[in-house]
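Quick notes on the structure that follows.
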């Protein structure tokens, strides 16, 4: 019985780590995420630079939380949130730092 309890506890810990989480950060692109938009400046605003990098340079929308950059599975919804602070709900793959996005909303 004790062994069964330990196995169930371990399984619940593993599955809990793979559940939905909430992340808050700024939508940007993977070319400008760490260096900022000043070096590329593909438009007069950060939002326009982000969209231009995605459209013209095959960059991907990412979430920058201040220290980490997360790739987003949804590459359509982030466009309207470019350079804005958002809350992303989804499942994180810690190895690849990719979020399987369930939803994106403007942060409060």
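The requirement of being assigned to a strand (DSSP E or B) and buried (at least 17 other Cβ atoms within 10 Å of the Cβ) is fulfilled nowhere in the range 30-45; no residue meets it. Against the definition (exposed (fewer than 13 other Cβ atoms within 10 Å of the Cβ) and at pLDDT 95 or above), how does residue 95 come out, yes or no? The answer is yes for residue 95.
Within the range 26-60, the set of residues being at pLDDT 85 or above, in contact with a helix residue (DSSP H, G or I) (Cβ under 7 Å, 6 or more places away or on another chain) and over 18 Å from residue 98 (Cβ atoms) comprises just one member, 51.
The values are calculated or read from the model by the stated rules, or taken from the named source; none is laboratory data. The structure displayed is predicted, hence computed values, not measured ones. As a convention, Cβ positions derive from the backbone with ideal geometry for all residues, glycine included, and neighbour counts pool all protein chains shown.
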